[in-house]
């Protein structure tokens with residue numbers, strides 16, 4: 001294992017079981033992983049940064065090997081600030097690869113010392129995304145097997161469905 005922390009960046013609005021799968025697998029490679037929530041003024045989140053931090057904290061057995069943080073600006077600048085040179089990203093479909101490949105190349109142009117590591121998602125999470133999960137939940141769909149329990153409860157509260165639904 002490497003002693004430098006890995007950065008697992010994302011919007012995490014909300015965190016899903018697919019995100020958790022990538023996080024746990026990254027912890028098999030890296031001694032520490034920083035879950036870095038992007039504060040992006042161009043996106044309108046369903047959950048506030050504080051709500052996302054709380055949901056992530058409750059979803060992981062956070063010990064000293066998982067840290068939850070926020071950042072804005074360039075990911076490579078954040079990585080340097082956190083004394084990391086590794087960014088972990090999850091891949092689902094070919095469209096993810098194309099986007100992540102472009103981002104990785106731009107990050108390499110901005111800072112050649114920051115490396116991107118791609119982990120394929122587990123097959124059961126291949127077709128899920130935070131966006132699709134939020135849309136299904138907004139219409140009362142059952143997403144309980146796609147997200148941690150805290151996220152399922154928060155989605156139901158956010159969309160006005162009973163806690164027992």
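The values are calculated or read from the model by the stated rules, or taken from the named source; none is laboratory data. Note that the structure is predicted; figures quoted are calculated from it, not measured. When we count neighbours, we look across all protein chains shown, and the Cβ atoms used for this are built from the backbone with ideal geometry, even at glycine.
When the range 1-30 is filtered for residues that are free of Cβ contacts under 8 Å to residues at least 60 places away in the same chain, closer than 16 Å to residue 79 by Cα and over 8 Å from the mean Cα position of the chain (by Cα), the ones remaining, listed by number, are 3, 30. With respect to the numbered conditions (1) surrounded by 12 or more Cβ atoms within 10 Å (Cβ to Cβ); (2) modelled with pLDDT under 95; (3) in contact with a helix residue (DSSP H, G or I) (Cβ under 9 Å, 6 or more places away or on another chain), which one is the sole condition not fulfilled by residue 97? Of everything listed in (1) surrounded by 12 or more Cβ atoms within 10 Å (Cβ to Cβ); (2) modelled with pLDDT under 95; (3) in contact with a helix residue (DSSP H, G or I) (Cβ under 9 Å, 6 or more places away or on another chain), residue 97 misses just condition (3). Annotation note: of 76, 88, the sole residue that is in contact (Cβ under 8 Å) with a residue 24 or more places away in the chain and closer than 15 Å to residue 32 by Cβ is 88.
Once the range 109-124 is narrowed to residues that are more than 19 Å from residue 78 (Cβ to Cβ) and surrounded by 12 or more Cβ atoms within 10 Å (Cβ to Cβ), the residue that is modelled with the highest pLDDT is 119.
When the residues of the range 58-73 are narrowed to those that are in contact with a helix residue (DSSP H, G or I) (Cβ under 9 Å, 6 or more places away or on another chain) and free of Cβ contacts under 8 Å to residues at least 60 places away in the same chain, which ends up nearest to residue 108 (Cα to Cα)? Walk me through it before giving the result.
Going residue by residue through the range 58-73, those that are in contact with a helix residue (DSSP H, G or I) (Cβ under 9 Å, 6 or more places away or on another chain) are 58-60, 62, 66, 68-72.
Okay, now just the ones that are also free of Cβ contacts under 8 Å to residues at least 60 places away in the same chain, so 60, 62, 66, 68-70, 72.
Numbers: 60: 30, 62: 30, 66: 25, 68: 24, 69: 23, 70: 22, 72: 18 Å.
Filtering the range 58-73 for residues that are in contact with a helix residue (DSSP H, G or I) (Cβ under 9 Å, 6 or more places away or on another chain) and free of Cβ contacts under 8 Å to residues at least 60 places away in the same chain, the one nearest to residue 108 (Cα to Cα) comes out as 72.
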